[in-house]
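The values are calculated or read from the model by the stated rules, or taken from the named source; none is laboratory data. Treat the numbers as computed from the prediction; the structure is a model and nothing was measured. So basically every Cβ, Gly included, is an ideal-geometry build from the backbone, and we count neighbours across all protein chains shown. Please note that ligands, DNA and RNA were not included when accessible areas were found on the heavy atoms of the full protein model with its side chains. Shrake-Rupley method; radii C 1.70, N 1.55, O 1.52, S 1.80 Å.
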Amino acid sequence: MRKLCALAVLASLAAAPAFAQTPPSPLKSKEVFIRDLMQRMTLDEKIGQLRLISIGPEMTKPQIREEIAAGRIGATFNSVRRDENRPMQDAALRSRLKIPMFFAYDVIHGHRTIFPISLGLAASWDMDAIGLSAKVAAQEASADSLDMTFGPMVDVSRDPRWGRTSEGFGEDTYLTSRIAKVMVEGFQGKDPAAPDRVMASVKHFALYGAVEGGRDYNIVDMSPTRMYQDYLPPYRAALDAGAGGVMVALNSINGVPATSNRWLMQDLLRKDWGFKGVTISDHGAILELVKHGVAADSREAAKLAIKAGIDMSMNDKVYGDQLPLLLKAGEIDQRDIDNAVREVLGAKYDMGLFADPYRRIGKAADDPADVNAESRLHRDAARDVARRTLVLLKNEHRTLPLKKQGTIALVGPLADAPIDMMGSWSGAGVPEQSITVLKGLQDAVGDQAKIVYAKGANITEDPREISFLNHIIFDRKEIDIDPRPASEMIAEALKAAAGADVIVAAVGESRGMSHESASRTHIDIPAPQQALIDALKATGKPLVLVLMNGRPLTIERQLNQADAMLETWFAGTEGGHAIADVLFGDYNPSGKLAVTFPRSVGQIPVYYSHLSIGRPWSPGDQPNYHSQYFDEQPGPLLPFGYGLSYTDFKLSDVSLSSATLNKGGSLDASVTVSNVGARDGETVVQLYLRDVAASMARPIKELKNFQKVMLKAGESRTLHFSIGEDDLKFYNSQLQYAAEPGQFLVQIGLDSDDVKQQSFVLK
Ligand code: BGC
């Protein structure tokens with residue numbers, strides 16, 4: 001793949017504008033080109049390439065340009081405009097060797113147009129939709145002069161207390177790996193040098209999603225088999241798809257910080273996986289090695305990081321300050337620095353920047369007059385993707401879809417919340433351009449029905465939470481607290497409800513509650529919102545809860561209270577329209593949870609693929625001497641893979657083409673899925689496998705394949721899944737990856753809990 005990229009760059013060079021003073025001829029192969037360039041670089045110029053700075057208040061723009069022209073900065077992030085990045089590229093081309101800069105940014109779920117948060121994208125189980133979201137993001141980001149995204153974020157997470165759960169694709173290894181691939185392909189296209197694509201830098205390598213207790217930045221302590229089996233594959237999938245960069249995790253792994261972890265960065269990443277791209281530290285992570293207690297001072301921190309293979313240092317001067325001293329003292333070799341520089345230059349080469357440093361910056365005459373112009377947004381794509389991510393959790397008495405008639409009371413602190421609709425890490429998105437639930441409903445009904453709105457409650461009244469949320473890194477106040485007493489706000493909501501045929505309440509978290517550093521011990525709907533729901537429930541009117549949140553919440557009580565419940569995550573720029581499409585039945589919901597919803601925090605971790613144990617609890621068992629909590633109903637509230645539709649689907653029994661599978665062969669598992677309801681609709685048919693008896697305990701089920709299918713009302717279709725030896729392989733206690741002979745169960749269902757089963761034997 002990498003070779004192909006280089007060839008493509010070379011092919012494109014014939015047409016590229018000539019850069020009179022570009023040092024060695026770019027017509028040489030990547031390797032020769034970079035070797036020639038490096039031979040001409042001074043030590044300072046080399047170390048300058050390793051510095052990645054954030055554009056912020058630390059340095060003025062003229063200072064930054066001066067540093068760049070002096071060859072002391074290799075790349076920047078956080079500036080997202082052509083007219084801001086162009087002067088920096090001009091400065092780079094004034095430097096002695098004219099090595100171009102690259103410009104990076106956290107393009108996580110959209111750039112100017114914001115798509116649903118990653119946890120929502122995963123709930124679509126729709127690889128085309130997810131790939132489209134990344135492609136559109138890349139097009140918008142590259143049109144804003146960006147060359148690289150710090151994404152995709154593929155940290156598997158099974159502890160919803162962790163705020164960054166919102167940023168990943170859920171709890172499952174297989175689903176996250178499939179998504180990692182399509183995200184990278186969406187960002188990079190066939191070639192990261194393409195002017196309308198950006199290089200992907202997968203993060204956070206590795207295991208960041210497993211921070212102990214879900215507390216951000218905490219340690220990760222994990223067995224090697226779990227690491228290899230469950231947590232590492234998504235990063236590998238992103239790299240196999242060609243991701244050009246890797247961002248290193250902030251956490252330690254079994255006591256050794258990722259940033260100084262030679263096993264992780266050298267043995268695994270470079271030697272075993274053969275990664276040839278650039279590695280980037282997370283923000284300030286090299287200096288944090290001192291706080292981790294593995295480096296005595298910044299000098300030792302720099303030494304550990306460069307020796308581990310951290311090529312670029314994010315937002316500090318530690319390499320610049322320390323590497324020359326370390327080299328002089330003989331504590332590091334020139335080779336350590338050269339290895340890092342080679343990868344940075346290699347990434348720039350792969351992004352096409354030596355061929356044309358202005359590849360994505362373009363000409364000043366073509367700069368957009370207004371970067372936030374409506375014409376630059378991709379609203380249709382955002383709306384279509386967003387509605388595929390919504391998950392119908394309950395629909396009693398066919399409360400949904402709503403009719404576009406009569407009066408609808410719309411209440412709740414998230415009903416008219418443009419900032420929250422964007423979710424965290426919403427790139428260069430502008431909240432004012434997002435469609436709230438209120439606007440979405442109003443647009444949908446026009447003058448056919450009346451929408452009466454009341455806020456009803458604040459997101460939270462807890463002073464500690466308010467202070468945290470409004471202190472977060474965003475440059476604006478995150479939540480607006482209505483100063484009225486709670487009782488007055490509820491009274492207003494009840495007044496709106498009094499004249500209505502149905503109540504829709506938008507409740508949940510503000511986006512800042514599911515963000516970096518936003519870990520929670522209580523993952524419930526905050527008290528003032530619960531009081532509002534109780535009051536609404538007491539009216540006896542049909543109650544539809546629209547949830548907005550970035551992690552599973554403990555919603556057992558609300559699920560009981562609601563007649564219908566729709567999980568909408570943070571649905572992005574077109575969120576309100578997408579939600580209205582589903583509420584009114586203009587789109588039949590098809591999303592399925594990519595993460596288990598626990599009943600209570602005390603159950604965490606609760607995920608569907610846990611290992612077999614000696615005393616499992618099964619429905620019907622006495623609780624005593626079975627693995628469960630005696631004060632809580634066993635099992636999750638909502639299982640992985642769960643989601644309803646406005647139609648009903650039925651699955652036939654599973655048939656296997658053979659009761660045995662020979663090593664190297666394959667067999668066919670088939671199932672007929674029927675739409676037995678009255679509406680056309682889509683569902684996700686999920687295939688799980690279980691290794692009944694192996695050399696070590698194996699998961700009670702593991703997702704290995706799925707198909708999302710659209711069926712007309714009354715239509716049936718037989719789906720075929722091929723199962724081969726590779727699907728049965730796992731890492732044993734010696735970390736050998738192999739399938740072991742014996743019995744396997746094939747389980748196919750419309751969620752992970754309710755499955756049909758057959759078995760076969762691997763010979
Ligand atoms: C986050 C990264 C992010 C970086 C740059 C860090 O705090 O952990 O995910 O890419 O900031 O914004």
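Assorted remarks:
- Listed by position, the strands (runs of 3 or more DSSP E) inside the range 382-466 whose residues that are open to solvent by 10 Å² or more (accessible area, probe 1.4 Å) and not assigned by TED's automatic domain parsing to the domain that holds Val684 number at least 2 are 391-395, 450-454.
- From the list Leu239, Leu264, Leu175, Leu269, the one residue that fits, being outside any strand (DSSP E or B), open to solvent by 20 Å² or more (accessible area, probe 1.4 Å), more than 16 Å from the ligand (Cβ to nearest atom) and not hydroxyl-bearing (Ser, Thr, Tyr), is Leu239.
- Residues that are in a helix (DSSP H, G or I), of a type outside the set (Lys, Arg) and under 30 Å from Asp216 (Cα atoms) within the range 491-546 comprise Gly512, Met513, Ala527, Pro528, Gln529, Gln530, Ala531, listed in sequence order.
- Residue check for Met148: out of contact with any Lys or Arg (no Cβ under 8 Å at 6 or more places or on another chain) and either over 20 Å from Gln433 (Cβ atoms) or open to solvent by 10 Å² or more (accessible area, probe 1.4 Å) (or both): yes
- Here Ser157 does not qualify as within 12 Å of the chain's Cα centre (by Cα), open to solvent by 10 Å² or more (accessible area, probe 1.4 Å), more than 13 Å from the ligand (Cβ to nearest atom) and under 26 Å from Arg226 (Cβ atoms).
- Restricting Leu656, Leu644 to residues that are under 31 Å from the mean Cα position of the chain (by Cα) and touching a residue at least 12 places away in the same chain (Cβ under 8 Å) narrows the list to Leu644.
- Ala693 being open to solvent by less than 50 Å² (accessible area, probe 1.4 Å) and in a loop (DSSP other than H, G, I, E, B): no
- Being assigned to a loop (DSSP other than H, G, I, E, B) and either out of contact with any Phe, Trp or Tyr (no Cβ under 7 Å at 6 or more places or on another chain) or within 16 Å of the ligand (Cβ to nearest atom) (or both) holds for only one residue in Leu119, Leu132, Leu97, Leu52, and it is Leu97.
- Within the range 659-679, the set of residues being open to solvent by 70 Å² or more (accessible area, probe 1.4 Å) and modelled with pLDDT of 95 or more comprises Asn662, Ser666, Val676, Ala678, Arg679.
- Val107 falls short on exactly one of the conditions (1) within 24 Å of Tyr349 (Cα to Cα); (2) crowded, with 19+ Cβ neighbours inside 10 Å; (3) away from the ligand (no atom under 16 Å from the Cβ); (4) in contact (Cβ under 8 Å) with a residue 40 or more places away in the chain, and that condition is (3).
- Residue within the range 722-730 that is open to solvent by 70 Å² or more (accessible area, probe 1.4 Å), in the same structural domain as Asp691 (by TED's automatic domain parsing), assigned to a loop (DSSP other than H, G, I, E, B) and acidic (Asp, Glu) present: no
- Only one entry in Asp420, Asp482, Asp447, Asp443 is closer than 26 Å to Leu543 by Cβ, touching a helix residue (DSSP H, G or I) at 6+ places or on another chain (Cβ under 7 Å) and without any contact (Cβ under 8 Å) to a residue 40 or more places away in the chain, namely Asp482.
- Subset of the range 178-208 [within 16 Å of the ligand (Cβ to nearest atom), more than 11 Å from Pro234 (Cβ to Cβ) and over 14 Å from the mean Cα position of the chain (by Cα)]: Val198, Met199
- Odd one out for Leu553, checked against (1) in contact with a helix residue (DSSP H, G or I) (Cβ under 8 Å, 6 or more places away or on another chain); (2) open to solvent by less than 10 Å² (accessible area, probe 1.4 Å); (3) assigned to a loop (DSSP other than H, G, I, E, B); (4) of a type outside the set (Val, Ile, Thr): (1)
- For the range 323-352, a residue qualifies if it is free of Cβ contacts under 8 Å to residues at least 40 places away in the same chain and open to solvent by less than 30 Å² (accessible area, probe 1.4 Å), and the qualifying residues are Leu326, Ile332, Asp336.
- Filter result for Thr259 (over 22 Å from Leu119 (Cβ atoms), more than 16 Å from the ligand (Cβ to nearest atom), assigned to a helix (DSSP H, G or I) and in contact (Cβ under 8 Å) with a residue 40 or more places away in the chain): no
- Top-ranked residue in the range 284-304 [being in a helix (DSSP H, G or I) and within 16 Å of the ligand (Cβ to nearest atom); ranked as most open to solvent (accessible area, probe 1.4 Å)]: Lys291
- Members of the range 469-519 found to be closer than 24 Å to Gly120 by Cβ, touching a Gly at 6+ places or on another chain (Cβ under 8 Å) and open to solvent by 30 Å² or more (accessible area, probe 1.4 Å), listed by number: Phe474, Glu516, Ser517, Ser519
- Selected residue [within 14 Å of the ligand (Cβ to nearest atom) and surrounded by fewer than 22 Cβ atoms within 10 Å (Cβ to Cβ)] from Tyr217, Tyr228: Tyr217
- Given (1) more than 24 Å from the chain's Cα centre (by Cα); (2) crowded, with 24+ Cβ neighbours inside 10 Å, index of the condition Lys541 fails: (2)
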